Amino acid sequence: MAYWLGFDGGGTKTDCVVLNAAQEIVSTGHGGPANALRAGFDAAFVSLGQAAAEALRAANLQPGDITGVCAGLAGAGQRSVVRRMIVFLTHEFSHAVVKVTTDHEIALEAAAGDGPGVVLIAGTGSAAYGRNAGGATARSGGYGPRIGDEGSAYDIGRRAVAAVARTRDMDAPVTLLAEMIPAALETPDWDDLMQRIMKNPDEIFPKLFPAVVEAANAEDSAAKEILFTAAIGLGNLAMTVVRRLKLRDQEFQLVKVGGVFGRCQTLDALLDSVLRSGAPRATISRLEISPAVGAARIAARLAGSSTQAATHGD
């Protein structure tokens, strides 16, 4: 029996899936952040190892039973990340064909297989990625918090803290976020909050997304403006890919992926309006399966191709 392993590793968590030869999910596992550019390589290795160990244990399998591994990782657009991750995974799964790619590639595989489609990803970070019927691909975003990540949980949390800072400086109207952010982080002291942000912004900013949603639902103007800006930013990421691939007048799947979606009706409605205006014939939906399943399917294809090549060589 052949088994394949797929990873979906982001800035907050890692999901792992084991598929069998019938393309059935045998087991799943979970770990911490696996974006090596944000969490560091050691932490990313631990997260991947934890997720794999949990999935293998649940399936009563050993690493040697795995014949193909694909890891879709945030940060894998950097060649240095890909190289080090391949070395790690090849060591862990010595009998497997190993591929390391981006999280948006495995999301597109899960959403559209090998057909045309666009995935809009918004979790800790944000990006859009797509493919047209001719096989051409395009990407927008995915450059990290210092350059982009518009509409991500990180970006929304950062804007929320900035709104409170403006309130403290008397340059903006009072916002509910001034009370909700310290409560969400159990940090009543502003100076302590600033120190925590400077020490580890990746830990603080994404956690504030639910507070912004709650404030917006209470009609807080600052929170609503933040979510409006997020919707426009995310819509622009997707529409950039649509334009590059000349998909505006085509029928295709436009799939939203990540923890930002499905949490706030206001944000989702605004974003869908932007997407429909730029891609009127697209079918807009949320991804119903884990991107880790897409990664495992890629691993299965790679393992199959490797087996065929070896057989042909014999």
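Derivation of every value follows stated rules applied to the coordinates shown; laboratory data play no part. Computed from a prediction, not measured in an experiment: that's the story for all the values here. No Cβ is skipped: glycine too gets one built from the backbone with ideal geometry, and neighbour counts run over all protein chains shown.
Sequence-distant contacts, meaning Cα pairs under 8 Å at least 6 residues apart, place the relative contact order of the chain at 22 percent. Computed about the Cα centre, the dipole magnitude for the chain is approximately 980 debye when only Lys and Arg (+1) and Asp and Glu (-1) carry charge, each at its Cβ. Between helix 221-244 and the chain there is an angle of about 40 degrees, using the helix long axis and the longest principal axis of the Cα atoms. If you line up the long axis of helix 153-168 against the longest principal axis of the chain, both from Cα atoms, how many degrees apart are they, to the nearest 10? Helix 153-168 sits roughly 10 degrees off the main axis of the chain. The HN-Hα couplings worked out from phi for the stretch 122-139 by the Karplus form 6.51 cos²θ - 1.76 cosθ + 1.60 (θ = phi - 60°) are 9, x, 4, x, 8, 5, 10, 8, x, 9, 9, 5, x, x, 6, 10, 8, 10 Hz, whole numbers, x standing for Gly and Pro.
What whole number of Å gives the distance from the Cα centroid of the stretch 1-47 to the Cα centroid of the stretch 166-185? Centre-to-centre (Cα) distance: 37 Å. The C-alpha atoms of the chain occupy a region whose extents along the principal axes are 76, 47, 31 Å, arranged from largest to smallest. Among 128, 112, 292, the largest mean-square fluctuation in a Gaussian network model of the chain, built with springs joining Cα atoms closer than 10 Å, belongs to 112. Considering only 113, 76, 98, the residue lying farthest towards the positive end of the dipole of the stretch 40-131 is 76, judged by Cα position with unit charges set on Cβ.
Given a 10 angstrom Cα cut-off, can you work out which residue in 12, 283, 124 is the most mobile in a GNM of the chain? Greatest mean-square fluctuation among the candidates belongs to 283. Among 288, 54, 186, which one shows the highest mean-square fluctuation when the chain is modelled as a Gaussian network with alpha-carbon springs under 10 Å? Answer for the Gaussian network model of the chain: 186. In this Cβ point-charge picture (+1 for Lys and Arg, -1 for Asp and Glu), the stretch 237-278 has a dipole of about 180 debye about its Cα centre. Converting phi to 3J(HN,Hα) with the Karplus coefficients 6.51, -1.76 and 1.60 and the offset θ = phi - 60°, the stretch 75-82 yields x, 7, x, 8, 4, 5, 5, 4 Hz in sequence order, with x at every glycine or proline. Computed from the C-beta positions of residue 272 and residue 166 and an R0 of 35 Å, the FRET efficiency is 0.75 to the nearest 0.05.
Each Lys and Arg adds +1 at its Cβ and each Asp and Glu adds -1 at its Cβ; summed about the Cα centre, the stretch 41-155 shows a dipole of about 300 debye.
The phi torsions of the stretch 182-194, fed into the Karplus equation with coefficients 6.51, -1.76 and 1.60 and a -60° offset, translate into couplings of x, 5, 5, 9, 6, 9, x, 8, 5, 4, 5, 4, 4 Hz, rounded to whole numbers, with Gly and Pro shown as x.
Near residue 256, the amide H atoms lying under 5 Å from its own belong to 120, 285, 286, 287; only residues 5 or more places off or on other chains count, and H is placed 1.01 Å from N.
Every helix of 4 or more DSSP H residues in the chain counts as -39500 (n - 2.57), and over all residues that averages to -15500 deg cm²/dmol at 222 nm.
Between helix 265-278 and the chain there is an angle of about 70 degrees, using the helix long axis and the longest principal axis of the Cα atoms.
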